[in-house]
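Colleague: Take a look at this one; I'll ask things after.
Each reported figure results from applying straightforward, stated rules to the coordinates on display, with no laboratory input. Note that the structure is a prediction, hence the values are computed from the model and not measured. With ideal geometry, Cβ positions are generated from the backbone for all residues, glycine too; neighbour counts draw on all protein chains shown.
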Amino acid sequence: MKKRMYTAKDVELLIVASTIVENATANKQFLQSKRANWTDQFFQNLSLKIDTAAQTHLGVDSAKELRQASNAVYQIQKTALENLSELKTQITQDFKKTPEKKQEILNNLGFTAHFKRANESRDQEALIDLLYQFKTNLTNDLKTEITEKGTHPQTLENILSQADNLRNANTRQEANKGNRKLITQEGIDVFNEIYEEIINICQISRKLYKGDSNRQDLFSFGKLVRALNNK
């Protein structure tokens, strides 16, 4: 069986490929001035090829839907971590004169067991575990204890709502990954073709944008895969 030309997962390949085509389309005025064959139809055909591969070989409606689901999870994750970081700092400072009480609160709310992995490694499961432990153990008495020290009550309410939001968004993301069809040789061949076309766009575009690192990053397959995993 012919091997994949890429190390990313198949679903990651299609999401990133779709992203790169959209980035190229957004910058088409400049790119088309350098590449005569990169017409609107060229980008439309490649986008259709990616979505068809998603439908045929992954059982997903489109790579765009996959990306939108991943972005939704990322936005909730980002906001939740910001709120949790703010709260952790406030608890640490507000209860520093009573270290045992401070540690008890951090333990009960899930910070001790899960925050480091959720924050530093962007571990989605760790964040969900933290949020649900937070939701379970944040009693009315503990709410009062924390807010009387100065934390705004809305901060706690925001974190509570993010527990359900992230769980629901994560479920939608997994559902959008399709039925996990068995990938045939035909599928691998199609994925390899897409990868080759996308890498061609990336290498040429990065060269054309020499000196503009921000735009070069729009066409870095490796960086986009890593960013997707961090999401």
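Colleague: Among N37, N83, N192, determine the one that fluctuates most according to a GNM of the chain built with springs between C-alpha atoms less than 10 Å apart.
Modeller: Greatest mean-square fluctuation among the candidates belongs to N37.
Colleague: Further, regarding this structure: What does the extension gain come out to for N107 and I199, with contour length at 0.36 nm per residue minus their alpha carbon separation? Don't jump to the answer; show the numbers that get you there.
Modeller: Numbers: separation 92, 0.36 × 92 = 33.12 nm, distance 4.68 nm.
Using 0.36 nm per residue and subtracting the Cα-Cα distance, I get 28.4 nm.
Colleague: Using a Förster distance of 25 Å, how high is the FRET efficiency between K78 and E148, based on the Cβ-Cβ distance and rounded to 0.05? Each step should come with its number before you reach the end.
Modeller: Working: r = 29 Å, r/R0 = 1.16.
Once rounded, the FRET efficiency stands at 0.30.
Colleague: When Lys and Arg each count +1 and Asp and Glu each count -1, what net charge do the other residues less than 14 Å away from K101, Cβ to Cβ, add up to? If you can, show how the numbers build up before the last one.
Modeller: Details: positive: K96, K97, K102, K149; negative: D94, E100, E104, D141, E145, E148.
Result for the neighbourhood of K101: -2.
Colleague: Let me ask something else about it. Any chance you could give the angle, 0 to 90 degrees and rounded to 10, that helix 153-175 forms with the longest Cα principal axis of the chain?
Modeller: The angle comes out at about 30 degrees.
Colleague: Next question, about the same structure. When the helices in the chain are scored as -39500 (n - 2.57) per DSSP H run of 4 or longer and the sum is shared across all residues, what 222 nm value do you end up with, to the nearest 500 deg cm²/dmol?
Modeller: Working: 12 runs with 169 residues, N = 231.
Helices in the chain give a 222 nm mean residue ellipticity of -23500 deg cm²/dmol.
Colleague: Same structure, new question: Direction-averaged shadow area of the convex hull around the Cα atoms of the range 96-174, nm²?
Modeller: Values: hull surface 22.1 nm².
The Cα convex hull of the range 96-174, projected and averaged over all directions, gives 5.5 nm².
Colleague: Taking amide H atoms as placed 1.01 Å from N in the peptide plane, list the residues 5 or more away in sequence, or in a different chain, whose amide H sits under 5 Å from that of I183.
Modeller: Under 5 Å from the amide H of I183: no residue qualifies.
Colleague: How far apart, in nm, are two points set 7 Å out from the Cα along the Cα-to-Cβ line at S121 and at E186?
Modeller: 4.0 nm
Colleague: Follow-up question, since we're still on this one. Which of these values of semi-axes √(5λ) of the Cα gyration tensor in Å was calculated from the structure shown: (1) 30, 18, 17; (2) 44, 20, 14; (3) 26, 21, 19?
Modeller: (2)
Colleague: What list of ³J(HN,Hα) values in whole Hz, one per residue of the range 132-147 in order, does the Karplus curve 6.51 cos²θ - 1.76 cosθ + 1.60 (θ = phi - 60°) give from phi, with Gly and Pro shown as x?
Modeller: 6, 5, 4, 5, 5, 9, 7, 6, 4, 5, 5, 4, 4, 4, 6, 6
Colleague: How high is the relative contact order of the chain? Use alpha-carbon pairs under 8 Å, at least six apart in sequence, and give a whole percent. Walk me through the numbers before you get to the answer.
Modeller: Numbers: 220 pairs, mean separation 75.1, N = 231.
Worked out over the chain, it gives 33 percent.
Colleague: Per residue, how big is the convex hull around the C-alpha atoms of the range 182-231? Give it to me in cubic angstrom, could you? Intermediate results must be reported in sequence, preceding the final value.
Modeller: Working: hull volume 3.4 nm³, N = 50.
Hull volume over Cα atoms, normalised by residue count, gives 68 Å³.
Colleague: Order the peptides 105-111, 14-20 from the highest to the lowest mean number of other Cβ atoms within 10 Å of their residues.
Modeller: Numbers: 105-111: 20.1, 14-20: 25.9.
Descending mean neighbour count gives 14-20, 105-111.
Colleague: Also, quick follow-up: Relative to the longest principal axis of the chain, what angle (0 to 90°, nearest 10) does the C-alpha long axis of helix 221-230 take?
Modeller: Approximately 30 degrees, to the nearest ten.
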